[in-house]
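Beneath this line is the structure, given in C-alpha cells, with notes to follow.
Read the figures in this text as sums done on the coordinates, not as results from a lab. As the structure is a prediction and not an experimental result, all values here were calculated from the model. Using ideal geometry, Cβ is built from the backbone for each residue, glycine included, and neighbour counts are taken over all protein chains shown.
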Amino acid sequence: MRELFVWAGTISVLFAAIFLGYQKNYKRMFAYSTMENMNIALIGLSTFTVTGLIGALLLLLAHSFGKASAFYSSGNIYEMSGTKSIDGVSGLIRNRASAASMLLSSFAVTGTPPFGTFFGEFLILYSVLSIHFYAQFIIIVLSLFLAFVSINFNVSKMIFRGKSEYSQSGINTALPLIAAILSIFIGVVFLVVYHAIL
C-alpha cells in the first residue's frame, strides 16, 4: 500500500507541474500548485515514517497560510485589473504592498527557504530517500523544480514587466502580507525547535 500511495502522489505531482508549465490564468495557476502541495503531503504520510509525518504536517500548516496569501493577493489583483490573465497584468511593482504579498505568497507555495513549506518538503523528500524510493524521489524533485520556475516566472512577469497604475485599500493588502509572513514564521519556529532538540 505504501508504494501504491507514494506512486499515486508522485504521478499527481508530476501532472500538476506539467499543467503549471502552460497556465495563462493566475488563479488557476495557484489552484494547480495546491494539487501539487497536497500530493507532496500525501507522499509524506504514505512513507509511514516519523520524518514523513512531521514533514507533511509542517507542509500542510505552512501551505495553508501561503495559499491563503496567494488567493487573497489574486483576488486583490483581479479587483484592480479586472482580468485573471497572467499576460493581462503588469507593473504590479508600482503597488508595493500587492507586489510584495504576491511575491511572498508565490515563494511560500513553491517551497522557498525559509518558508515552512521548504522544510516540510525537505523532510518528505528525505523520508522518500530513507525508504529507497529513488525513482519517485527523482520525479518529485524535477516536478518541484518545474513548478517553482513556472509559478515564480509568471509572478515575476506580473510584478516587474510593464507599467500600470493600480490602487488598493490597506486592509486588502494587509491580510495577504500577514498570511505570507506567518508561513515564514512557521519555518523559523521549526528551525529554532529543531536546533533546540539537537
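The table below lists the values:
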{"item": "Extension reserve of the Trp7-Asp87 stretch, reckoned as 0.36 nm per residue once the Cα distance is removed", "result": "25.3 nm"}
{"item": "Interchain or long-range residues, amide H under 5 Å from Asn25's placed H", "result": "Ile86"}
{"item": "Given charges at Cβ of Lys, Arg, Asp, Glu: the chain dipole, positive-most of Ser143, Ala16, Gly75", "result": "Gly75"}
{"item": "Cα-centre dipole for the range 2-197 with unit charges at Cβ (Lys and Arg positive, Asp and Glu negative), debye to 20", "result": "460"}
{"item": "Cα-centred dipole magnitude for the range 52-164, charges only on beta-carbon of K, R (+1) and D, E (-1), debye, nearest 20", "result": "400"}
{"item": "Size-normalised alpha-carbon gyration radius of the range 2-197, reference 2.2 N^0.38 Å", "result": "1.03"}
{"item": "Extension reserve of the His132-Phe185 stretch, reckoned as 0.36 nm per residue once the Cα distance is removed", "result": "15.9 nm"}
